[in-house]
Amino acid sequence: MSLFPSERTAGFDDTRGMEQTIWLDAWQMHCCGRPFRIGSTVSWRLFEMSSENLSDLLGRDVTVHLRQESHDTEFDRVPYTEAVVTAIGAVHCRYALGEDGYLRAQPGSGVMSTVDSADGYPAAPSDGMEFVGYLVTATCRAPAVSP
């Protein structure tokens, strides 16, 4: 399950030619992701999302427009969007046991580090920090034929 669930699917017409901030969950990158870097053209299925959870995690306002998704129940109905990556932030946080006995990301513990490339395994900024995902800035160009 994503740390940051989607609200609804995003159509390509919503994003064409616009610079967007896109969330990419660590587990999505580990499962199905392909390494990319600043300047890379990526082909992703994009869904709208709320910035609230990421803002809580980082302890500051963050605007996120979309999230990359490879496993959503509406996955097959969303076309791939081609985008050129202009910036990448690796996000790490601390986890602790919640009252329910499950590990939970700790609000305000998030740290974002600027990186030039993404392979799913960025170095942690300090001990006890876990990688949770990438915050990617990209300019959406065109619907892609294939990933």
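The values are calculated or read from the model by the stated rules, or taken from the named source; none is laboratory data. Keep in mind it's a predicted model, so treat the numbers as computed, not measured. Here the Cβ positions follow ideal geometry from the backbone for every residue, glycine too, while neighbour counts run over all protein chains shown.
Evaluate the following for P122: is it part of a loop (DSSP other than H, G, I, E, B), surrounded by 15 or more Cβ atoms within 10 Å (Cβ to Cβ) and not small (G, A, S)? Yes.
Screening V136, V91, V84, V132 for residues that are farther than 20 Å from D25 by Cβ and outside any loop (DSSP other than H, G, I, E, B) leaves exactly one candidate, V84.
Here V91 meets the list (1) in contact (Cβ under 8 Å) with a residue 12 or more places away in the chain; (2) within 15 Å of R34 (Cβ to Cβ) almost entirely, failing just condition (2). Among the residues of segment 93-101, none qualifies, meaning not one is within 16 Å of the chain's Cα centre (by Cα) and closer than 12 Å to Y134 by Cβ.
As a summary of the residue check, A96 satisfies the conditions (1) part of a loop (DSSP other than H, G, I, E, B); (2) of a type in the set (A, V, I, L, M); (3) farther than 17 Å from W23 by Cα except for the one numbered (1). E48 satisfies every condition listed in (1) over 16 Å from A138 (Cα atoms); (2) under 16 Å from the mean Cα position of the chain (by Cα) except (1). Evaluating S109 against the criteria (1) modelled with pLDDT of 95 or more; (2) among the hydroxyl-bearing types (S, T, Y); (3) not in a strand (DSSP E or B) leaves one unmet condition, (1). Just one of (1) in a loop (DSSP other than H, G, I, E, B); (2) within 23 Å of P122 (Cα to Cα); (3) at pLDDT below 90 fails for D72. It is (2).
Remark: pairs (first residue in segment 65-85, within 9 Å of R45 (Cβ to Cβ) and among the hydrophobic types (A, V, I, L, M, F, W, C); second residue at pLDDT 85 or above and in a loop (DSSP other than H, G, I, E, B); Cβ separation under 9 Å; 6+ apart in sequence or on different chains) = F75/E69; V78/E69. Residue count for segment 45-68 satisfying the condition of being in contact with a Leu (Cβ under 8 Å, 6 or more places away or on another chain) and in a strand (DSSP E or B): 7.
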